[in-house]
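Only the coordinates and a few stated rules stand behind these numbers; no lab work does. Computed from a predicted structure; not experimentally measured. Every residue, glycine as well, gets a Cβ built from its backbone with ideal geometry; the counts of neighbours run over all protein chains shown.
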Amino acid sequence: MCGLLGINSNIPTEMNDSLSIFRKSDWELGDHVDGWGIAFYEGRSSRIFREELPAAQSRCLEFISHYDFKSEIVIAHIRKATQDIENCVANTHPFEREFLGRSFVFAHNGELPDIMNHEDFKLEWYFPKGNTDSEYAFCFIMDWLRDGGSQSVDLASANDIGGIHSIARQISSLGRFNFLFSDSKYLIAYNDHRDDDELYYVLRHCRCGPEDNMDQYVAVVATNPTTDNEDWVKLKPGEMKVFYQGKVV
């Protein structure tokens, strides 16, 4: 099982602690050896780092974990390959595509062995750079946004979130399909209908700023809770959550 981590905040936030815990979890689990990746949003663009190396052995990820990158949205992934495909950067999450001047980022946990040859999931506009079922599913969602979405680049709109939720449920019928998805404004988390793969989230609030004069709201989504002293909420089977500025929309 791969590992997912998503963070959404109302103000640019340092991610050092969460990334350190995430990196450590790879070491403890021991079998996530097929690459890692992380996307930091900066406005409408995303700064993405990916390697095919194990996260626990990566000097690059160690540097990132201690560097004060700040972002309102982060999507991270540690990979355990479930199919016999090449271990390379092109097959490493998260994946990114541009649409209407925004960077869309996607990371997936699970497997969809038949999606590439299924008649109901043909691609028209977006195509994979690698050969994973994960990137293929992402391209299918992007195809729908291009042709069937609201064209407003607002993933929280009733049309877009309803359509993506419907597509997610269709795709999940082929296998396992937990994912994180963002358009630089919202963070979407979808939990598959199976009980053996789960996503959890927690909402945090604190006062920050030079004189503790700012309210900071942070939503964290993870494959497994990263703390023991907080009330993490498990997403229900087939449930999708949309986070904006550290809160549930």
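Here are the numbers:
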| read-out | value |
| --- | --- |
| Å³ per residue enclosed by the Cα convex hull of the chain | 119 |
| Residue exposure sequence - M214, M240, M15, M142 - by fewest surrounding Cβ within 10 Å | M214, M240, M142, M15 |
| Volume per residue that the Cα convex hull of region 87-172 spans, once the total is divided by residue count, Å³ | 97 |
| MRE, 222 nm, helices only [DSSP H, n ≥ 4, -39500 (n - 2.57), over the chain, to nearest 500] | -7000 deg cm²/dmol |
| Exposure proxy ranking, count of Cβ atoms within 10 Å, fewest first, for S157, S173 | S173, S157 |
| Charge tally in the Cβ shell below 13 Å around G163, where Lys, Arg are +1 and Asp, Glu are -1, G163 excluded | -2 |
| Packing-based exposure ordering (other Cβ within 10 Å, fewest first) of I141, I11 | I11, I141 |
| Other-chain or far-sequence residues with amide H under 5 Å of E111's (modelled H) | R176 |
| Per-residue ³J(HN,Hα) for region 39-53, Karplus 6.51 cos²θ - 1.76 cosθ + 1.60, θ = phi - 60°, Hz, x for Gly and Pro | 10, 9, 7, 10, x, 7, 9, 10, 9, 10, 10, 9, 9, 8, 7 |
| Under 12 Å, Cβ to Cβ, from D154 - net charge with Lys/Arg +1 and Asp/Glu -1 | 0 |
| 3J(HN,Hα) from dihedral phi, region 69-74, Karplus parametrisation 6.51/-1.76/1.60, rounded to Hz, x for glycine, proline | 5, 10, 7, 8, 9, 9 |
| Whether region 131-249 is rounded, prolate or oblate, judged on the alpha carbon gyration tensor where a/c under 1.5 counts as rounded | oblate |
| Selected from L199, L155, L123 as most flexible by GNM, with the chain as the system and alpha-carbon contacts under 10 Å | L123 |
